[in-house]
1. If I filter region 52-70 for residues that are within 14 Å of ligand 1 (Cβ to nearest atom), surrounded by fewer than 21 Cβ atoms within 10 Å (Cβ to Cβ) and over 30 Å from E4 (Cα atoms), do I get at least one hit?
2. List, please: which pairs have Cβ atoms under 9 Å, are six or more places apart or on different chains, and start with a residue in region 11-32 that is on the phi > 0 side of the Ramachandran plot and within 16 Å of ligand 2 (Cβ to nearest atom) and end with one that is open to solvent by 60 Å² or more (accessible area, probe 1.4 Å) and of a type in the set (V, I, T)?
3. Considering only residues that are within 13 Å of ligand 1 (Cβ to nearest atom) and either open to solvent by 70 Å² or more (accessible area, probe 1.4 Å) or polar (S, T, N, Q) (or both), which ones fall in region 24-51?
4. Suppose the filter is open to solvent by less than 20 Å² (accessible area, probe 1.4 Å) and at pLDDT 95 or above; does F20 pass it?
5. Mind checking which pairs have a first residue in region 131-149 that is under 14 Å from V174 (Cα atoms) and a second that is within 11 Å of ligand 1 (Cβ to nearest atom) and of a type in the set (D, E), Cβ under 9 Å, 6 or more apart or different chains?
6. For region 85-194, which strands (runs of 3 or more DSSP E) that fit wholly inside it have 1 or more residues that are among the aromatic types (F, W, Y) and closer than 26 Å to I10 by Cα?
7. Any chance you could count how many residues in region 124-177 are under 19 Å from E62 (Cβ atoms) and more than 16 Å from ligand 2 (Cβ to nearest atom)?
Amino acid sequence: MKTEPFSFMINSPGFIPSYFDNHIKRHLSDMKGQFNNKEAFQEVLEAGDKLLYEVYELKRPEIEGEILHGISIVHPGKIGEEYYMTKGHFHTVLETAEIYYTLQGEGMMVMETPEGDWAVEELKTGGVLYVPPRWAHRSINVHSDQDLVMFFAYPGNAGHDYGTIETQGFRKLVLSKSGKPQIVDNPHWKPPEK
Ligand code: PA5
Ligand code: NI
């Protein structure tokens, strides 16, 4: 980890940062219980453990004042009607935001609060998305054959709470209907306990 000011490049094609500390790869087997169609999940998994998305992280001390940042690349594909997507999470420190800048592709960011409010924003090349504090977020690649590539940045002390989403799911799903992405209710969503 660097302590002096530093720069790096994110160039197309590929968009792999010229400098990074961590390369995280998430496969289908890391996403158990997350996709709506369990039979399709099992079927695709048995055919091979596909790589769904990758994250290139620049490590920073996980403290207030630092900014964690990097690149996420969600590959194209579907499990049944549901597009490849990230696990999604709340930040452990709920009152922390995140910024995403889309470098390539087409997608959707599905978001929700602990109270069950929800929002879906389109992700497109050149677009900036601000995820306010308290909003869980999941990125979804809706393109048929192009990677969704985004630069992200969030506070060093944010942390990741994956457990809440693993248990309750997101309220909304994005499914491919007649070749177009459609936002639908998640039949398995568990409303937050009051
Ligand atoms: O912190 C973020 O929101 C991103 O950097 C994500 O970690 C990245 O998009 C991968 O998603 P997830 O952490 O939900 O697997
Ligand atoms: Ni986040």
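1. There is no residue in region 52-70 that is within 14 Å of ligand 1 (Cβ to nearest atom), surrounded by fewer than 21 Cβ atoms within 10 Å (Cβ to Cβ) and over 30 Å from E4 (Cα atoms).
2. none
3. The answer is K25, Q34.
4. Details: open to solvent by less than 20 Å² (accessible area, probe 1.4 Å): no; at pLDDT 95 or above: yes.
Taking the combined requirement at face value, the residue does not satisfy it.
5. Close Cβ pairs satisfying both conditions: H137/E98.
6. Working: elements: 98-104, 106-112, 118-124, 128-131, 136-141, 148-155, 172-177, 180-185.
Fully inside region 85-194 and qualifying: 98-104, 128-131, 148-155.
7. Residues in region 124-177 being under 19 Å from E62 (Cβ atoms) and more than 16 Å from ligand 2 (Cβ to nearest atom): 0 in total.
Condition check ((1) over 17 Å from the mean Cα position of the chain (by Cα); (2) under 17 Å from K78 (Cα atoms); (3) surrounded by fewer than 19 Cβ atoms within 10 Å (Cβ to Cβ); (4) not charged (D, E, K, R)) across all residues:
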residue	(1), (2), (3), (4)
G126	yes, no, yes, yes
R134	no, no, yes, no
M150	no, no, no, yes
A153	no, no, yes, yes
F170	no, no, no, yes
S178	yes, yes, yes, yes
I183	no, yes, yes, yes
P187	yes, no, yes, yes
P192	yes, no, yes, yes
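The values are calculated or read from the model by the stated rules, or taken from the named source; none is laboratory data. Predicted model, so just to flag it, every value in this text is computed and none were measured. Virtual Cβ from ideal backbone geometry, glycine too; neighbours counted across all protein chains shown. Heavy atoms of the whole protein, side chains included, go into the accessibility calculation; ligands, DNA and RNA do not. Shrake-Rupley method; radii C 1.70, N 1.55, O 1.52, S 1.80 Å.
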